[in-house]
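The values are calculated or read from the model by the stated rules, or taken from the named source; none is laboratory data. Being a predicted model, the structure only gives us computed values, none of them experimental. Neighbour counts are summed over all protein chains in view; Cβ atoms, including those assigned to glycine, are modelled from backbone coordinates with ideal geometry.
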Amino acid sequence: SNDAVSAVINVDIEGPQISKHVYGHFAEHLGRCIYGGFYVGEDSDIPNVRGIRLDVVEALRALDIPNLRWPGGCFADEYHWMDGIGPKEDRAVMINTHWGGVEEDNSFGTHEFMDLCELLETEPYIAGNVGSGTVREMSEWIEYLTREGDSPMVRLRKANGREAPWKVKFWGLGNEPWGCGGNMNAEQYALEARKFATYCRDYGDNKLYRIAAGAADADYQWTQKLMEQLGHLGCQRVERKLYQAVSLHYYTIGGTWDKKGDAKEFSTDEYYTTMLKALHTDELLTGHSNVMDLYDPTKEIGIVMDEWGTWWDVEPGTNPGFLYQQNTMRDALVASLHFDIFHKHADRLVMANIAQTVNVLQAMILTDPDSGALVLTPTYHVFQMNKGHQDAASLRVDAPAGLPTREVDGKELPTVSVSASRKDGRLLVSLSNLDAEAGQDVEVDLRGGGLGEFEALILTADSLQAHNTPEALEAVAPRAHEGVKLEGSKLRVHLPAHSFVTVSGALA
Ligand code: AHR
């Protein structure tokens, strides 16, 4: 083990609330995420309700998933919602040009998605089509979903079997308009966002939270343009801001876009490079938030990081357009590090959506295409162990003598990461040891609050490459951790190499 290090948690000083929505999810019509993942169809042998896989629903409900983004991604900007309503046999068939060039029969559409959200007890986040859609199309979709009373779209919804309007709060104004969403420049898109947002109406007490499609990575100029346009409302009668948040996309890629690296076979050096790239999220959130501060110092406008996670080369033998990858202990640590960063940025970050929930990129759930077996990934377990942070008050974590670091690619990578929160009289501390080979003892001073009975859980494995399969469902799964001792107000935590630990308990 490395020498012990200390950290201080100010238990009695509550910081900004960690929005539960940073534990959000994303499901695109891509590969086997919707079809063969969430949705197997009513005739499937796999237990389902109206075609939606029940074990998937059950596993995600156990995470208390707060929201689900749909239908894309790139797919959102070529999706025409009217193709996905009405009798299934009459629905239009299209080509999913972005993802494998496969036929999309639209059998999973608006009603099926809202049904899924109801089963999951989660909030829908719908990304509308700006790239190839019309203002009218988007406006009518909102009317169809959320309007009460009588109107053309309400009549259509009722004719399709849904009387009551749904509640939809989160609404995306396109996706990646700088790329697959229309190849626009920042100024051009900002004007489009204003126009589309104008016609995204609030009906009754359904108040939309409009999310303008934001930057990739460190494109601060994009964020600046969106913020600039938000300020010039032009019309005095418009009291509200046209959009309430801007999004941000950043993927953790160990290698380059051309050669991203293997999901399961990687060297220790490649592992450290990956962790350094994951840490970059901290810098990005600071950078974009700083730009926003110039226009919005009171942080009314949120950041929605609606795509994040690891992106590896696809599993050998699978369709390159389906983005199917395995998920190891390395991915779990990428997730736990992201959550520490998200908690730190609770004052500006209102939502984050991992890409993507089932069978695509850094998934929570993998399903076997032949046997249908369901596998929970190491990343799933991080979401589960951390779910107590949802809507909790963030607590500042200090390390007066510093935390251990390691030089990676000419930069300093802190190898211990800690975050903490309190909610309903309970404390939750999350600790990651990113060191690939050495254990680490951490002495946590709980200043301003004592802890009573506590539970400690650990997620680790013999190797960073460890992962779960239908034959080894629990190769990486949480178990009770004996290596945590409470001495007065000091929590002594032993973190084995490459491990993630949570300690939770009632505050005394
Ligand atoms: O998540 C996969 C793709 O990554 C999304 O469709 C797109 O928005 C991003 O480029």
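Selection within region 174-192: residues that are under 29 Å from Ile253 (Cβ atoms) and more than 16 Å from the ligand (Cβ to nearest atom). The member of this set that is surrounded by the most Cβ atoms within 10 Å (Cβ to Cβ) is Ala190.
Residues of region 411-430 that are within 18 Å of Leu507 (Cβ to Cβ), in contact (Cβ under 8 Å) with a residue 60 or more places away in the chain and crowded, with 16+ Cβ neighbours inside 10 Å: Val418, Ser419, Ala420, Ser421, Arg422, Arg426, Leu427, Leu428, Val429, Ser430. If the condition is being part of a helix (DSSP H, G or I) and more than 16 Å from the ligand (Cβ to nearest atom), then region 65-92 contributes Trp81, Met82, Asp83, Gly84, Lys88, Glu89, Asp90. Put simply, of Thr134, Thr97 the only residue that is out of contact with any Ser or Thr (no Cβ under 7 Å at 6 or more places or on another chain) and within 30 Å of Val314 (Cα to Cα) is Thr97. Residues in region 282-300 include at least one that is outside any loop (DSSP other than H, G, I, E, B), within 16 Å of the ligand (Cβ to nearest atom) and in contact with a Phe, Trp or Tyr (Cβ under 6 Å, 6 or more places away or on another chain). Cys117 meets each of the listed conditions (1) closer than 30 Å to Leu473 by Cβ; (2) within 16 Å of the ligand (Cβ to nearest atom) apart from (2).
Would you check if there is a residue in region 6-17 being out of contact with any Lys or Arg (no Cβ under 6 Å at 6 or more places or on another chain) and more than 30 Å from Ala346 (Cα to Cα)? Looking for residues that are out of contact with any Lys or Arg (no Cβ under 6 Å at 6 or more places or on another chain) and more than 30 Å from Ala346 (Cα to Cα), one finds none in region 6-17, hence no.
Of all positions in region 340-352, at least one carries a residue that is at pLDDT 95 or above, closer than 16 Å to Ala278 by Cα and under 12 Å from the mean Cα position of the chain (by Cα). State the number of residues belonging to region 25-36 that are surrounded by fewer than 24 Cβ atoms within 10 Å (Cβ to Cβ) and either part of a loop (DSSP other than H, G, I, E, B) or within 13 Å of the ligand (Cβ to nearest atom) (or both). Within region 25-36, residues that are surrounded by fewer than 24 Cβ atoms within 10 Å (Cβ to Cβ) and either part of a loop (DSSP other than H, G, I, E, B) or within 13 Å of the ligand (Cβ to nearest atom) (or both) number 2. In region 318-333, the count of residues that are within 16 Å of the ligand (Cβ to nearest atom), under 19 Å from Arg69 (Cβ atoms) and under 14 Å from the mean Cα position of the chain (by Cα) is zero. Note on region 108-137: residues that are free of Cβ contacts under 8 Å to residues at least 60 places away in the same chain, crowded, with 19+ Cβ neighbours inside 10 Å and polar (S, T, N, Q) amount to 2. Assessment of region 176-194 against the conditions (assigned by TED's automatic domain parsing to the domain that holds Asp313, under 28 Å from Gly86 (Cα atoms) and of a type in the set (Ser, Thr, Tyr)) yields no matching residue. Being under 26 Å from the mean Cα position of the chain (by Cα), at pLDDT 95 or above and away from the ligand (no atom under 16 Å from the Cβ) is the requirement here; does Val358 meet it? No.
Regarding Ser504, is this residue buried (at least 16 other Cβ atoms within 10 Å of the Cβ), in contact with a helix residue (DSSP H, G or I) (Cβ under 9 Å, 6 or more places away or on another chain) and not hydrophobic (A, V, I, L, M, F, W, C)? The answer is yes for Ser504.
Exactly one residue among Ile142, Ile126, Ile95 is within 16 Å of the ligand (Cβ to nearest atom), in the same structural domain as Asn319 (by TED's automatic domain parsing) and within 26 Å of Met305 (Cα to Cα), and that residue is Ile126. Residues in region 138-173 that are outside any loop (DSSP other than H, G, I, E, B) and surrounded by fewer than 16 Cβ atoms within 10 Å (Cβ to Cβ): Pro152, Arg155, Lys158, Ala159.
The set of residues from region 342-363 being closer than 18 Å to Met292 by Cα and outside any loop (DSSP other than H, G, I, E, B) comprises Phe342, Lys344, Leu349, Val350, Met351, Ala352. Looking across Ala197, Ala212, Ala216, one residue alone is among the aliphatic types (A, V, I, L, M), more than 16 Å from the ligand (Cβ to nearest atom) and within 24 Å of the chain's Cα centre (by Cα). It is Ala197.
Collect the residues in region 431-447 that are farther than 22 Å from Gly488 by Cβ and either in contact with a Pro (Cβ under 6 Å, 6 or more places away or on another chain) or not aliphatic (A, V, I, L, M) (or both), keeping them in residue-number order. Selection gives Ser432, Asn433, Asp435, Glu437, Gly439. A count restricted to region 37-63 and to residues that are not acidic (Asp, Glu) and not in a loop (DSSP other than H, G, I, E, B) stands at 11.
With respect to (1) out of contact with any Phe, Trp or Tyr (no Cβ under 7 Å at 6 or more places or on another chain); (2) in the same structural domain as Val350 (by TED's automatic domain parsing); (3) more than 14 Å from the ligand (Cβ to nearest atom); (4) not acidic (Asp, Glu), the lone exception for Ala62 is condition (2).
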